[in-house]
Amino acid sequence: DGGITQSPKYLFRKEGQNVTLSCEQNLNHDAMYWYRQDPGQGLRLIYYSQIVNDFQKGDIAEGYSVSREKKESFPLTVTSAQKNPTAFYLCASSPLTGDTEAFFGQGTRLTVV
Amino acid sequence: SQQGEEDPQALSIQEGENATMNCSYKTSINNLQWYRQNSGRGLVHLILIRSNEREKHSGRLRVTLDTSKKSSSLLITASRAADTASYFCATVWGDMRFGAGTRLTVKP
């Protein structure tokens, strides 16, 4: 069953800790994206990657880091430098051409306690 | 900053009425896409319109694109209570960026 999977669904983090959100896809897509969504708001681009071992910063990359060691995986680390990390995080993937739809995971809700 | 800006921010209509949402953007695009999001869930793709297209239909959805005005509209005809959701436009030019969305409420 093809798709894009984010885990965990809910995540709690203590202040000062780093935490990693998982995103895996088996759609053979080249491009992958991470977005942040705050309550009642739109999606803001954190990072995106179009090819293995390469990624680009989006609009709000500060306090976040990513890796793309495998085509299927694009984990996002929320570092202690991110001052307000509580949010809903969405991962997406699409073919490299960008001329078709993107597929989204179900999201990870991160709460700092 | 976000590429697309949707208008209105919120829309409330009765079942059976049409709903129109607008999206404006700032830069060049390869294509523009519309997505739907139910509360607390991921986004689901609705329709894609390429930069050289002016109008596209899919079931009860009609999308228009005016690249000279850098704007797009999504029309949902004969709305249903199940259409209640947030709707986002996304512009694609290398990456994919979203607007703030329109929250649509369809009352039974």
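The values are calculated or read from the model by the stated rules, or taken from the named source; none is laboratory data. What you see is a predicted model, and the numbers here were worked out from it, not measured in a lab. Don't worry about glycine lacking a Cβ; one is built from the backbone with ideal geometry, like all the others, and counts go over all protein chains shown. These accessible areas exclude ligands, DNA and RNA; they are computed on the full protein's heavy atoms, side chains included. Shrake-Rupley method; radii C 1.70, N 1.55, O 1.52, S 1.80 Å.
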Accessible-area ranking of B:His45, B:His57, largest first, probe 1.4 Å: B:His57, B:His45
Most fluctuating residue given options A:Gly58, A:Gly40, A:Gly16, as computed from a GNM of chain A linking Cα atoms under 10 Å: A:Gly40
Accessible area buried between chains B and A, both sides summed, probe 1.4 Å, in Å² to nearest 100: 1900 Å²
Net dipole in debye of chain B [+1 Lys, Arg Cβ; -1 Asp, Glu Cβ; about Cα centre; nearest 20]: 140 debye
Sequence-separation-based contact order of segment B:1-98, relative, with Cα cut under 8 Å and 6+ spacing, percent: 37 percent
Per-residue average of Cβ from other chains inside 10 Å of B:82-88: 1
Test item: A:59-66 mean partner chain Cβ contacts at 10 Å: 1
Accessible-area composition of segment A:17-113, carbon plus sulfur, in percent [1.4 Å probe]: 47 percent
Percent carbon-and-sulfur accessible area, chain B, ignoring ligands, DNA and RNA, probe 1.4 Å: 46 percent
Rough spin-label spacing in nm, given labels placed 7 Å along Cα→Cβ, for B:Trp93 and B:Leu75: 2.7 nm
Net charge of neighbours whose Cβ lies under 12 Å from the Cβ of B:Arg41, counting Lys and Arg as +1 and Asp and Glu as -1: +3
Accessible surface, per residue, of chain B when the full set of protein chains is kept, probe 1.4 Å, Å²: 46 Å²
Pairwise FRET efficiency - A:Thr79 versus B:His57, Cβ, R0 = 45 Å, nearest 0.05: 0.50
Heavy atoms of B:Glu55: accessible area, 1.4 Å probe, square angstrom to 10: 90 Å²
Whole-number percent relative contact order across chain A, with pairs defined as alpha carbons under 8 Å at least 6 apart: 35 percent
Around B:Gly101: net Lys/Arg minus Asp/Glu count, Cβ-Cβ under 13 Å: 0
Zero-based 10 Å bins, Cα pair distances in chain B, whole percents: 16, 51, 28, 5, 0
Neighbouring partner chain Cβ atoms per residue of B:30-41, average, 10 Å criterion: 3
Gained length - A:Ser22 relative to A:Glu62, 0.36 nm times residue gap less alpha-carbon distance: 12.5 nm
Formal net charge of residues neighbouring B:Arg54 (Cβ-Cβ distance under 13 Å; K, R +1; D, E -1): +1
